[in-house]
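First the structure, in the form of structure tokens, and then the observations on it.
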Amino acid sequence: MKYMVIAKLFITTLMALSNQAYANHLDEQQDFLVQSILNTPFTAVVTNTQVTKLTSNPDEGDIYLLNADVQEIITGKAETNISYRIFVEFGEDVLVNKEPVIISLCEDDNGYYWPGVGAEFPVTAALLTVAHQAAKTKTMSNLDKAKSHCN
């Protein structure tokens, strides 16, 4: 009986710690999403449709072009389809994930480009709510020209 009580207490403690860790992860993810929206000119819900390798150089890495259907604009220009460049380590494969994602992109004279880790998020109700709130904050604060993640 004593062992059963100890086992239940142990399991309850582990579950509580797991829930706290999950909540902390969500908070971090939400914070990263807000910063991504505030510091890039374009954020949207997209579905990637095609990937093409543009260049490959052992010294500089590989550049891919991704095409995507835009499902919802969060901040930036109204677009229905976009193309954006992604820079990866030499020899790294880029696969098309057909699941919708929230993505923040930078822009230069050659078009959109992915600024790196922390600019792509899963589409969840909670993250969409946070994204819309961040977009309102960005508009109200006149931060639309902010591009600190892009420099």
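The values are calculated or read from the model by the stated rules, or taken from the named source; none is laboratory data. Please read all numbers here as calculations on a predicted model, not as lab measurements. Note that each Cβ is placed from the backbone with ideal geometry, even for glycine, and that neighbours are counted across all protein chains shown. Side chains are part of the model used for accessible areas, which takes the heavy atoms of the whole protein and leaves out ligands, DNA and RNA. Shrake-Rupley method; radii C 1.70, N 1.55, O 1.52, S 1.80 Å.
Each residue in region 66-91 was checked for being surrounded by 11 or more Cβ atoms within 10 Å (Cβ to Cβ) and more than 28 Å from VAL130 (Cα to Cα), and 2 of them qualify.
Return the residue satisfying two criteria in turn: it lies in region 92-133 and is aliphatic (A, V, I, L, M) and part of a loop (DSSP other than H, G, I, E, B), and of such residues it is modelled with the highest pLDDT. Top of the filtered list is VAL123. Show the residue pairs meeting these rules: Cβ distance below 6 Å; 6+ apart or different chains; first residue within region 48-63 and within 19 Å of SER83 (Cα to Cα); second residue open to solvent by 70 Å² or more (accessible area, probe 1.4 Å) and aliphatic (A, V, I, L, M). That search, which allows pairs on different chains as well, returns ILE63/LEU54.
Can you confirm whether region 107-127 contains a residue that is over 15 Å from the mean Cα position of the chain (by Cα), among the aliphatic types (A, V, I, L, M) and open to solvent by less than 60 Å² (accessible area, probe 1.4 Å)? No, the conditions are met nowhere in region 107-127.
Of the listed requirements (1) in a strand (DSSP E or B); (2) open to solvent by less than 20 Å² (accessible area, probe 1.4 Å); (3) among the β-branched types (Val, Ile, Thr), ILE63 misses just one: (2).
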